[in-house]
Structure formats: structure tokens, C-alpha cells
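Quick notes on the structure that follows.
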Amino acid sequence: MAATTSIRSFVSHVILDLDGTLLNTDGIVAEVLKRFLVKYGKKWDGRVAQRIVGKTPLEAATAIVEDYELPCTTEEFISEITPLFSDQWCNIRALPGAVRLLKHLNGHGVPMALASNSPRENIEAKISYHHGWKDYFSVIIGGDEVRMGKPSPEIFLEAAKKLHVEPSKCLVIEDSLTGVMAGKAAGMGVVAVPSMRKQAPLFNIADEVINSLLDLQPEKWGLPPFQDWIEGTLPIEPFFIGGPVIKGFGRGSKVLGIPTANLCADDFSVILSEHASGVYFGWAGLSARGTYKMVMSIGWNPYFDNNEKAIEPWLLHDFDEDFYGEELRLVIVGYIRPEANFASLEALIAKIHEDRKIAEKALDLPIYASYKDSPYLSSSLLQSNYHS
């Protein structure tokens, strides 16, 4: 997804959005709305999700009431739903790369502001569950502290004013189109990290569009570069998944010549929402066979335009037979690159083999090799099929 226009100038301050940019709020919102709409005989199907991303609470509530034709006013809806959301703030997890970015900028003395359309009280409540986050920000501004929320530039201009810096010296990082519009209208540099995949093509007004915060390169903006990449790979907090191997799309061996050991995506909806699409690597354990190096993709595979986000591991070993139904356990320890589209099947295959070489070499490094002995790779899936 990464795309970049000619970046204009270096910056000295960073202004971040919260929901969908730093925190995986969308998953919590969907779960709460699913339960809430049942009382009205309605089923949340996400059809208004694109309409409410980046909106103020009032705008989002109005869209939901209208779209689902609820027999209540917007004010009544807000009164009922707000406590349900508040009860779930403690369960919102940081998005991939968020903690890394905040620690990096803070460690290098880069002043940061948090500017969200959410009310200030909600912002404070959400970040209170993430240790140290409040101290990272010199300025915090909520949508209820300005006259007009995004896409008006007011909230970003107010943040720059409180940071005592010219708007042109600020970099805005946003997930919503309304936020990107606000940042551009404020005369700031803007990096878009779209939270809605289907909206990504609309973000061409941003100076740069990236797949996730893992892919941000601060040095492009004159900020201190990350120093944690190792031989083309990024160490990540390991995560663990497992399940029986199922038949996949039928294209791994037949079309690509790359046999993948597919897992049922329905069993991993949470992990799919918490991890950015892209190419990862780690170790794979088969109960009756052993432990193997592994490279995998998480995402929609743009070349084939999948309808659903999927997990497709490739065990880097030549097997004599299929092993459908066998228990497969994965320990994912590193990240290679964002998901990408390719002009030809040949280009896709070449890139996959390049990913394999990177993963095979990296997994011999001590930082990754130690996970080969993880107890999870040989433990029973009856005990746990996902933890991180």
C-alpha cells in the first residue's frame, strides 16, 4: 500500500490521531454494536463502518441511527451506547508499531501531540490503560475542545499552537480520510495509515500512504530513524497461533509452486484484526513431524484480490506428502515487509522467494533462533490455540 508524493520539508513535531491510528478501537466498536443492535432486531454488518471512521461521536451516532432506522433519537442512542463503550476501553489494544513509534519519538526528544475527534474524557480514559502513554504527549486535544472537528483543520492548528511550533513543522499521522483532509488543510505534512482497506485509494491527498506504523520511515521527514531492523527484518513481540491444517485456495502448489499450510481464518478473527497485513516469519511445529522454519503472509493478497483476510504460512521444507488435518503451531517472531500488489505472477513469485531467503537467513540469528525451542511448538492445541 505504501505510496509517497514528493515530501516537502523536514518536520520537528508529530501530531497523532488515537482511534484507528494508535489503538485498535474499530474491533471493540464492532463488538459493542453487534450486541447493542440485537435489542432492536438489527444485525451489525459493518456497512456504515466507512462512514463513521474519523467522525465525531455525534456524527457517527447519527449515521448509525439513520442507516439502521433505529426507533430512537441520536441523543438517546448516545446515552445508551456510551456506557457500553466505556466498559470496553480497557480491552483496546495498541495497533502494530504504535508502542514502538511512541517510545522511539519520545526517546529522541521529539515533541508529540494527540489530537482526536473523541471527547477529551474518552481520550484520557483510553490511554490510561497503556502504561506511560499520557507522559509521551506534550499536548492532548479532544474534539469537544474545539469548535469544529475534523475535517476542519482547527484541532491540528490548535495542537501546533500549544506546541509552540509552526504548522509546516508538524507531521500528522492519521488513519481516516477526514483526518488526512484536516492535516492537509492545516498546512502540515501528512502520513496516512488507512484503517479501512477499501478506502486506501482515496488517500492520494496524503504526502505518504503506508500499510501500518511498522512501515513508517521517520528519516523521510527529518526525524531520527529507527535502528531496530536486522538484516532486512524487524523483530516483533512474538505471537502464537495454531490449528488443524485445512485446504486453502488451491493456488499455492498449482499456481505459485509454493505449498502453503493454511489455517481457518474464522478461528483467528481477533489476531487478524490485531496484526497488520504483511509478510512475517518464524517457526512452525507439526505434532508428528518436527519444527521448521516458516515464512507467512497475513492479508488479502492483492494480486488475487481475496475477499477475506487470511493467514498463509509456507513451511520451508520439502514434504513428501500432504498433512491436512494435522495440528500446526506457529511462533511468529519477525516482520519483513508490507503486503503489496504485483504487475505479474512472475514478479509475485520472485518476491515470495526473496522473502523465503530473508526468513531462512534471519532465523539463524540468535534473536530469532531461540524461539525454535518454544514449548508452544510442541504443546497441545487443546491447551491453547492463541496467545501473545
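The values are calculated or read from the model by the stated rules, or taken from the named source; none is laboratory data. Please read all numbers here as calculations on a predicted model, not as lab measurements. We place every Cβ from the backbone using ideal geometry, glycine too, and count neighbours over all the protein chains shown. Surface accessibility is based on the protein's heavy atoms, side chains included, excluding ligands, DNA and RNA. Shrake-Rupley method; radii C 1.70, N 1.55, O 1.52, S 1.80 Å.
Out of 166, 124, report the one residue that is closer than 13 Å to residue 18 by Cβ and of a type in the set (Asp, Glu).
After ruling out the rest, the residue left standing is 124.
Restricting attention to region 105-115, does a residue exist that is in a helix (DSSP H, G or I) and either of a type outside the set (Gly, Ala, Ser) or crowded, with 21+ Cβ neighbours inside 10 Å (or both)?
yes
Residue by residue through region 54-93, note down the ones that are in contact with a Gly (Cβ under 6 Å, 6 or more places away or on another chain) and of a type outside the set (S, T, N, Q).
Listed by number, the list holds a single entry, 54.
Going residue by residue through region 278-299, is there one that turns out to be more than 25 Å from residue 370 (Cβ to Cβ), open to solvent by 10 Å² or more (accessible area, probe 1.4 Å) and either of a type in the set (D, E, K, R) or within 23 Å of the chain's Cα centre (by Cα) (or both)?
no
Condition test on residue 304, is it surrounded by fewer than 18 Cβ atoms within 10 Å (Cβ to Cβ), among the aromatic types (Phe, Trp, Tyr), touching a Phe, Trp or Tyr at 6+ places or on another chain (Cβ under 6 Å) and at negative phi?
no
If you go through region 127-145 one residue at a time, how many are open to solvent by less than 10 Å² (accessible area, probe 1.4 Å) and either under 18 Å from residue 61 (Cβ atoms) or at pLDDT below 95 (or both)?
Counting residues in region 127-145 that are open to solvent by less than 10 Å² (accessible area, probe 1.4 Å) and either under 18 Å from residue 61 (Cβ atoms) or at pLDDT below 95 (or both) gives 1.
Any residue in region 42-55 that is at pLDDT 90 or above and buried (at least 16 other Cβ atoms within 10 Å of the Cβ)?
no
Can you find a residue in region 66-76 that is open to solvent by 60 Å² or more (accessible area, probe 1.4 Å) and within 22 Å of residue 179 (Cβ to Cβ)?
Looking through region 66-76, none of the residues is open to solvent by 60 Å² or more (accessible area, probe 1.4 Å) and within 22 Å of residue 179 (Cβ to Cβ).
Given the residues 197, 120, which is the only one that is open to solvent by 60 Å² or more (accessible area, probe 1.4 Å), among the basic types (Lys, Arg) and within 26 Å of residue 215 (Cα to Cα)?
Among 197, 120, only 197 is open to solvent by 60 Å² or more (accessible area, probe 1.4 Å), among the basic types (Lys, Arg) and within 26 Å of residue 215 (Cα to Cα).
Given the conditions (1) open to solvent by 60 Å² or more (accessible area, probe 1.4 Å); (2) at pLDDT 85 or above; (3) among the charged types (D, E, K, R), report the number of the one that residue 100 does not fulfil.
(1)
Quick one: which strands (runs of 3 or more DSSP E) sit completely within region 119-230 and have at least 3 residues that are in contact (Cβ under 8 Å) with a residue 60 or more places away in the chain?
Qualifying strands (runs of 3 or more DSSP E): 170-174.
Can you tell me which of (1) surrounded by 17 or more Cβ atoms within 10 Å (Cβ to Cβ); (2) more than 24 Å from residue 84 (Cα to Cα); (3) in contact with a Gly (Cβ under 6 Å, 6 or more places away or on another chain) is the one residue 160 doesn't meet?
(3)
As an exercise: evaluate residue 357 against (1) open to solvent by less than 60 Å² (accessible area, probe 1.4 Å); (2) at pLDDT 95 or above and give the number of the one condition it does not meet.
Only one criterion in (1) open to solvent by less than 60 Å² (accessible area, probe 1.4 Å); (2) at pLDDT 95 or above is unmet by residue 357, namely (1).
What are the residues in region 79-88 that are in a helix (DSSP H, G or I) and either among the charged types (D, E, K, R) or surrounded by fewer than 18 Cβ atoms within 10 Å (Cβ to Cβ) (or both), if any?
Across region 79-88, the qualifying residues are 79, 80, 82, 83, 84, 86.
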